[in-house]
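S.K.: What follows is a single structure, and I will ask about it in a moment.
The values are calculated or read from the model by the stated rules, or taken from the named source; none is laboratory data. Keep in mind that this is a model prediction, so the values were computed, not measured. Here the Cβ positions follow ideal geometry from the backbone for every residue, glycine too, while neighbour counts run over all protein chains shown.
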Amino acid sequence: MSAPEKPLKIAHIVRRFVFEEWGGTESVVWNTVLEQRRKGITPVIFATSALSRPGEEVREGVRICRFPYFYPYFPMNKTCSLLLDKKGGNPFVPALFAALREENCDLVHIHCGGRMAVMSALVSHDLERPCVVSLHGGHAAVPQEELRQMMEPVRHKFHYGGIIDRLRHLRRDVVAEADAAICVSLQERNILSERYPGKKIVYLPNGVDLEKFRGGRDRSPRKKWNIPAERTLALCVSRIDYQKNQLLLLELLRHDPNCHVLLIGPVTAPWYHEKILEEAAKYGVKDRLSIIPGLSSDDPDLPAIFHEADFFVLPSLHEPFGIVALEAWAAGLPVLAARTGGLKDFIADGRNGLLFDPAEKETLTACYDRLVGSPSLASSLAENASCDVEAYSWESVTGRLLDLYGTLCREKGQFRS
């Protein structure tokens, strides 16, 4: 894949962007901009100052600009604001959009939803620049229960944002406003293609840093976190959150007294974290459950623990894609994953992973028995996945993205002289 004919300056719009609390969206954006820089493109990241401070920093040659913001609810305290920062927040960010106009980039790539997405799209229209929206968290297939949980922090609060939305003409559909929408699951692409006939709706899977996750074998994280070497170690890397369904993994501990579960990820739903601990204590398995509430994206222990685990498991109720499954593939781990969202688009049951129903615990324990009881199956799954993951390098994925950029820019005549 090749970059467009002329170098581009791309604005990437993200709801939040901090290296201390990493998630799928941040991983996609960061690896994409680094690959774009290697291809001669100039990316700049615009975000709120959520979980950080307003200001600008440059990291690995990439400008990251963070702006003040507010949530339009009354009353609003720090606890509520923090919950919205971690998940589900829909802020106003006036200074960001003024800066976006001044930056005058060749293309605007939106990686969020809500007001930030709509306002960014409107700015791109005013500047007559193409606009792309990536639907990292899903758009057409988000479960209603997840939406309800995201809005729980502002329940019973006065929402004055609707008034501002009407005044600023923000009650718009960002997919309809964008020149192209990127989906990370085939299900969502198919739904949106029917909903928006004539719109560019593209399926573009996420990628993985192959070199990073193939390395890390020279460390011993089991010793660091006191996980006995003889235990079968099940690794799950994801936000500690009801959407990720880690509570289901306690069934593995109840099923096999030699199993140890390690959960790594930032806590985005504190009540759910507490529930996991309470249930583990209730079942008497707390001594075989380790929770590390987040590692920075560049922590060498992160790829290392993939190499020390016996298998990777992702029990999500809703998973638009699942980059962590690719990371496990790159590290040579067999994968057990929920048959949901984008996971079922690239995991072939019995060939490069095993799929289970996240709503039925018996299907998870059956997969576990099948994997642990057959070393040859585990080896076969890992070997096939190791071959398949080559197609998901960031170089390959970003190349396809640049082809889309090039098409949109040619259609609007936006190549700079």
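S.K.: Go through region 51-89 and report how many residues are surrounded by fewer than 21 Cβ atoms within 10 Å (Cβ to Cβ), part of a loop (DSSP other than H, G, I, E, B) and in contact with a Phe, Trp or Tyr (Cβ under 7 Å, 6 or more places away or on another chain).
M.R.: The qualifying residues number 2.
S.K.: What is the number of the single condition among (1) modelled with pLDDT of 95 or more; (2) closer than 28 Å to residue 253 by Cβ that residue 341 does not meet?
M.R.: So residue 341 meets the others, but not (1).
One line per residue, one yes/no per condition, for (1) within 21 Å of the chain's Cα centre (by Cα); (2) at negative phi; (3) part of a helix (DSSP H, G or I):
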position	(1), (2), (3)
278	no, yes, yes
297	yes, yes, no
313	yes, yes, no
318	yes, yes, no
326	yes, yes, yes
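S.K.: Residue check, residue 221 against (1) at pLDDT below 90; (2) over 25 Å from the mean Cα position of the chain (by Cα), all met but one. Which one?
M.R.: With respect to (1) at pLDDT below 90; (2) over 25 Å from the mean Cα position of the chain (by Cα), residue 221 is out only on (2).
S.K.: When you go through 156, 111 one by one, which is the residue that is in the same structural domain as residue 13 (by TED's automatic domain parsing), at pLDDT 85 or above and not β-branched (Val, Ile, Thr)?
M.R.: Answer to the selection: 111.
S.K.: Here is a further query. Going through region 1-35 one residue at a time, which ones are at pLDDT below 90 and either hydrophobic (A, V, I, L, M, F, W, C) or in a strand (DSSP E or B) (or both)?
M.R.: Once the filter is applied, which keeps residues that are at pLDDT below 90 and either hydrophobic (A, V, I, L, M, F, W, C) or in a strand (DSSP E or B) (or both), region 1-35 yields 1, 3, 8, 19, 22.
S.K.: Could you check region 216-261 and list, in sequence order, the residues that are under 28 Å from residue 149 (Cβ atoms), among the hydroxyl-bearing types (Ser, Thr, Tyr) and outside any helix (DSSP H, G or I)?
M.R.: 238
S.K.: Any idea which of 220, 238 is among the hydroxyl-bearing types (Ser, Thr, Tyr), touching a residue at least 40 places away in the same chain (Cβ under 8 Å) and crowded, with 20+ Cβ neighbours inside 10 Å?
M.R.: Numbers: 220 fails: crowded, with 20+ Cβ neighbours inside 10 Å.
Among 220, 238, only 238 is among the hydroxyl-bearing types (Ser, Thr, Tyr), touching a residue at least 40 places away in the same chain (Cβ under 8 Å) and crowded, with 20+ Cβ neighbours inside 10 Å.
S.K.: Under 6 Å between Cβ atoms, which residue pairs at least 6 apart in sequence (or on different chains) link something in region 68-89 that is at positive phi with a partner that is buried (at least 18 other Cβ atoms within 10 Å of the Cβ) and not basic (Lys, Arg)?
M.R.: Within 6 Å, the pairs are 88/150.
S.K.: Right, next: Just to check your reading of the model, which residue among 302, 277 is surrounded by fewer than 18 Cβ atoms within 10 Å (Cβ to Cβ), among the hydrophobic types (A, V, I, L, M, F, W, C) and either touching a Lys or Arg at 6+ places or on another chain (Cβ under 9 Å) or touching a residue at least 60 places away in the same chain (Cβ under 8 Å) (or both)?
M.R.: Residue meeting the stated conditions: 277.
S.K.: Let me ask something additional. What number goes with the only condition from (1) free of Cβ contacts under 8 Å to residues at least 60 places away in the same chain; (2) farther than 25 Å from residue 255 by Cα; (3) of a type in the set (A, V, I, L, M, F, W, C) that residue 354 does not pass?
M.R.: Checking residue 354 against (1) free of Cβ contacts under 8 Å to residues at least 60 places away in the same chain; (2) farther than 25 Å from residue 255 by Cα; (3) of a type in the set (A, V, I, L, M, F, W, C), the one that fails is (2).
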